[in-house]
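The structure appears right after this line, and notes come after that.
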Amino acid sequence: MAAYRIGEAAELLGVSADTVRRWVDSGRLAAARDDHGHRMIDGVDLAGFARTLADEPDTGGARSSARNRLRGIVTAVTRDAVMAQVDIQAGPFRVVSLMSREAVEQLGLAVGCVAVAVIKSTTVVVELPR
């Protein structure tokens, strides 16, 4: 059975350790103490909690069939005459999007602004860490 310390859970959920502590302290996320007194979160419980976070409505956007959303900061915008490349750093993940230059201009995408990468794909490769 997998169990995660507060910091590990925070990294997996993309939030701060303080946020996870608040969720545990409020009873929103279950945790138990290990033999050393560290709070540990059961992997199954953490997965269920992560799922509830994903199911919470996104009040800032339109309805969509896409389920993969990564909020981050725009770190680079490279344009040519027709196309543009936009780099977003979403936590530890770099997401690169190719789009029209017109779309970049209409959205006002620039380095430093917050953006959400919405991903819908029929091919998703799943790997396990070493």
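Residue-wise test of (1) among the acidic types (Asp, Glu); (2) loosely packed, with under 14 Cβ neighbours inside 10 Å; (3) within 28 Å of residue 5 (Cβ to Cβ).
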position	(1), (2), (3)
47	no, yes, yes
85	no, no, no
92	no, yes, yes
102	yes, yes, no
107	no, yes, no
119	no, yes, no
Item to check | Single unsatisfied condition, residue 28 versus (1) assigned to a loop (DSSP other than H, G, I, E, B); (2) within 18 Å of the chain's Cα centre (by Cα); (3) charged (D, E, K, R) | outcome: (2)
Checklist entry - Among the residues of the range 79-130, how many are more than 17 Å from the chain's Cα centre (by Cα), assigned to a strand (DSSP E or B) and among the basic types (Lys, Arg)? => result 1
Checklist outcome for this item: Only one of 110, 84 is at pLDDT below 95, under 29 Å from residue 121 (Cβ atoms) and either in contact with a Gly (Cβ under 9 Å, 6 or more places away or on another chain) or not acidic (Asp, Glu) (or both), namely 110
Next on the checklist: Going residue by residue through the range 40-62, is there one that turns out to be over 17 Å from the mean Cα position of the chain (by Cα) and assigned to a loop (DSSP other than H, G, I, E, B)?
Outcome noted: yes
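The values are calculated or read from the model by the stated rules, or taken from the named source; none is laboratory data. Here the structure is a predicted model, which is why all the values come from computation and not from measurement. Ideal geometry is used to build each Cβ from the backbone, glycine not excepted, and the neighbour counts take in all protein chains shown.
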